[in-house]
Amino acid sequence: MTTPMLQVENVQVRYGSVPAIHDLSLLVNQGEIVTVLGANGAGKTTTLRMISGLHRPYSGRVLFEGEEIQNRPAHEHVGRGLSHVPEGRRIFATMSVRENLDMGAFGRRGSYKDDFDHIYSLFPVLGERQKQLGGTLSGGEQQMLAIGRALMARPRLLLLDEPSLGLAPMIIASIFQIIETIRGEGVTVMLVEQNANQALRIADRGYVLENGHVLYQDTAPALLSDDRIRRAYLGQ
């Protein structure tokens, strides 16, 4: 039996004495797009931050490619092949596009010139504006830059937190197309997204969180056709 790329087993995360996630279990198989849905405060962002090493769980295990990582620092996760694009993009506003991308390759050895060319092929506007300061880009361009910066680390698993937040519909469609392209290039994707309809249309499977635990889990088509999900998250 193939080992999942990512396994989260019975995890609890606390902020002080207050549990933000409790008894959370999920898995992501190699080559999948798995989406995590839920209302604000459901624990979606905390889940990604816990997986990427920014929060340590109070209890439970996180395994990446079969190895426990829950007590290791975040920078080691990047070196292992796990990159995180946080909510709000968090680009370096006073650095150029090229410099932002260069930071994504921090810690890599050898030349990565071809990686710049690859990012510019995915996001042509970044190639056109590589000398422009990140803070002067539009919201959609900044999101592209944040994803491109994460890809410079050559991840095998990419965590995306609300990539469509605050973007125009045309830009959202472009971002989701890029996510599918990234998966087609062999990168596994875990996607936290408020736009449940778009997320489920590109995902293989999905989890719905409520109050820090999994309320529903199923294939993406099954969740799309589930009346409970349609009423609660799709507005239908």
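The values are calculated or read from the model by the stated rules, or taken from the named source; none is laboratory data. This one's a predicted model, so the numbers in the text were calculated from it and none came from an experiment. Cβ sites come from the backbone with ideal geometry, for glycine too, and all protein chains shown count toward neighbours.
Name the residue, out of ILE178, ILE171, that is touching a residue at least 40 places away in the same chain (Cβ under 8 Å), farther than 14 Å from VAL36 by Cα and of a type in the set (A, V, I, L, M).
On inspection, the qualifying residue turns out to be ILE178.
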**Item:** Within the range 88-110, tally of residues that are surrounded by 15 or more Cβ atoms within 10 Å (Cβ to Cβ), over 19 Å from the mean Cα position of the chain (by Cα) and closer than 19 Å to PRO155 by Cβ
**Value:** 1
**Request:** Hey, can you tell me all the residues within the range 18-43 that are among the charged types (D, E, K, R) and either in contact with a Ser or Thr (Cβ under 7 Å, 6 or more places away or on another chain) or at pLDDT 95 or above (or both)?
**Result:** GLU32
**Message:** It is to be established whether one or more residues within the range 166-186 are of a type in the set (Asp, Glu), touching a strand residue (DSSP E or B) at 6+ places or on another chain (Cβ under 9 Å) and not in a loop (DSSP other than H, G, I, E, B).
**Reply:** yes
**Message:** Return the pair list, or none, for Cβ contacts closer than 8 Å from residues in the range 4-17 that are farther than 19 Å from GLU68 by Cβ to residues that are buried (at least 22 other Cβ atoms within 10 Å of the Cβ), at least 6 apart or on different chains.
**Reply:** ARG14/ALA20
**Prompt:** For residues in the range 180-236 being among the polar types (S, T, N, Q) and over 30 Å from HIS118 (Cα atoms), which is surrounded by the fewest Cβ atoms within 10 Å (Cβ to Cβ)?
**Reply:** GLN236
**Prompt:** Of the residues LEU27, LEU37, LEU48, which single one is more than 26 Å from MET152 (Cβ to Cβ) and surrounded by 21 or more Cβ atoms within 10 Å (Cβ to Cβ)?
**Reply:** LEU37
**Request:** Please specify each residue of the range 64-84 satisfying the condition of being of a type in the set (Val, Ile, Thr) and in contact (Cβ under 8 Å) with a residue 40 or more places away in the chain.
**Result:** VAL78
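Look through the range 111-136, keep the residues that are among the polar types (S, T, N, Q) and over 24 Å from GLN177 (Cβ atoms), and return whichever of them is surrounded by the fewest Cβ atoms within 10 Å (Cβ to Cβ).
Per the stated criteria, the residue is SER111.
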**Message:** Filter the range 33-67 down to the residues that are charged (D, E, K, R), outside any helix (DSSP H, G or I) and out of contact with any strand residue (DSSP E or B) (no Cβ under 6 Å at 6 or more places or on another chain) and list them by number.
**Reply:** ARG56, GLU65, GLU67
